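Undergrad: Can you keep this structure in mind? I'll have questions shortly.
Just so you know, all these numbers are worked out from the coordinates, no wet-lab data involved. From a predicted model like this one, the values you see are computed outputs, not experimental measurements. Because the Cβ atoms are built from the backbone with ideal geometry, glycine has one as well, and the counts that use them run over all protein chains shown.
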Amino acid sequence: MSARVGVYYAPVFDDPLWIAGCAWLGRDPQTGRSFDSGREEMTADARLYGFHATLKPPMRMAHSWTALMEDAERVAASIAPFDLPRLEVASIGTFLALRESVPCPPLNALADACVTELDSHRVPADAAEIARRRKSKLSPEQDAMLLNWGYPHVLSTWRFHMTLTRRLSPEEWDVVQPEAMAHFAASLAQPRRVADICLFTQAAPGAPFMLAERVPLHG
């Protein structure tokens with residue numbers, strides 16, 4: 001029961017943003033191919049998870065893969081594809097990430113549905129995990145999310161982001177932010193739609209997450 005699955009947004013494999021994101025992190029979680037990005041230390045954690053935005057955080061599965069897929073397909077069938085706002089290189093604290101340029105209510109609704117409608121498939125967090133996450137000095141609202149949903153940053157505390165780096169010092173930020181803006185400029189200029197949700201799996205602790213399934217939206 002050490003395997004985990006996360007429900008993510010990820011661009012389709014031929015989207016220039018997917019290509020740029022995998023190149024930035026140095027790994028393609030669809031093919032499993034790794035390559036030299038020149039940013040191995042700075043992107044180590046993000047590379048492990050693969051280029052994505054989290055909808056429902058990784059969870060240990062309480063039921064079968066078949067049961068999870070059935071419910072994921074049910075959620076996807078209730079939501080219509082929608083346009084994703086233009087993304088931009090921005091900050092999440094001292095991390096560098098891609099963020100939406102304007103609020104996107106359909107994106108929030110999709111994440112909320114994945115969190116709430118698929119939660120029966122999550123093995124509840126144990127006391128050790130709760131204690132570990134509480135070391136991050138959670139707000140009362142985030143702590144309530146942790147207890148109810150197994151993760152502090154969901155529903156009203158969720159923010160769309162596609163992580164690009166670890167925490168950066170001010171000096172690193174001044175160098176890496178312009179580099180990221182140049183790297184992603186062409187791909188971010190293109191319009192795109194959110195047309196599916198992706199199930200990423202991790203076989204064991206420390207193993208890289210792989211893109212296992214795309215579930216089309218067709219509400």
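Undergrad: When the residues of the stretch 1-46 are narrowed to those that are of a type in the set (A, V, I, L, M, F, W, C) and part of a loop (DSSP other than H, G, I, E, B), which ends up surrounded by the fewest Cβ atoms within 10 Å (Cβ to Cβ)? Can you show your working first?
TA: Of the residues in the stretch 1-46, the ones of a type in the set (A, V, I, L, M, F, W, C) are 1, 3, 5, 7, 10, 12-13, 17-20, 22-25, 35, 42, 44, 46.
If we keep only those that are part of a loop (DSSP other than H, G, I, E, B) as well, we get 1, 3, 10, 12-13, 35, 42.
Details: Met1: 7, Ala3: 14, Ala10: 23, Val12: 14, Phe13: 13, Phe35: 10, Met42: 20.
Among them, the one singled out is Met1.
Undergrad: Additional query: How many residues are more than 17 Å from the chain's Cα centre (by Cα) and either of a type outside the set (Gly, Ala, Ser) or farther than 23 Å from Met69 by Cβ (or both) if we restrict to the stretch 106-121?
TA: 2
Undergrad: So which of Ala97, Ala113, Ala125, Ala80 is outside any helix (DSSP H, G or I), crowded, with 17+ Cβ neighbours inside 10 Å, out of contact with any strand residue (DSSP E or B) (no Cβ under 8 Å at 6 or more places or on another chain) and not hydroxyl-bearing (Ser, Thr, Tyr)? Please lay out each step first, then the result.
TA: Working: Ala97 fails: out of contact with any strand residue (DSSP E or B) (no Cβ under 8 Å at 6 or more places or on another chain); Ala113 fails: outside any helix (DSSP H, G or I); Ala80 fails: crowded, with 17+ Cβ neighbours inside 10 Å.
Answer to the selection: Ala125.
Undergrad: Looking at (1) under 20 Å from the mean Cα position of the chain (by Cα); (2) surrounded by fewer than 17 Cβ atoms within 10 Å (Cβ to Cβ); (3) at positive phi; (4) not polar (S, T, N, Q), which is the one condition that is false for Lys137?
TA: (1)
Undergrad: Just to be sure, is Ser2 of a type in the set (Ser, Thr, Tyr), in contact with a Gly (Cβ under 7 Å, 6 or more places away or on another chain) and in contact (Cβ under 8 Å) with a residue 40 or more places away in the chain? It would help to see each step written out before you state the result.
TA: Numbers: of a type in the set (Ser, Thr, Tyr): yes; in contact with a Gly (Cβ under 7 Å, 6 or more places away or on another chain): no; in contact (Cβ under 8 Å) with a residue 40 or more places away in the chain: yes.
So Ser2 does not fit the description; no.
Undergrad: Determine if the stretch 201-217 includes at least one residue that is surrounded by 13 or more Cβ atoms within 10 Å (Cβ to Cβ), farther than 18 Å from Pro57 by Cα and either among the aromatic types (Phe, Trp, Tyr) or in contact (Cβ under 8 Å) with a residue 24 or more places away in the chain (or both).
TA: So in the stretch 201-217, the residues surrounded by 13 or more Cβ atoms within 10 Å (Cβ to Cβ) come out as 201-202, 207-215, 217.
After this cut, where a residue has to be farther than 18 Å from Pro57 by Cα as well, the list is 217.
Cutting the leftovers down to either among the aromatic types (Phe, Trp, Tyr) or in contact (Cβ under 8 Å) with a residue 24 or more places away in the chain (or both) gives us 217.
Yes: one or more hits.
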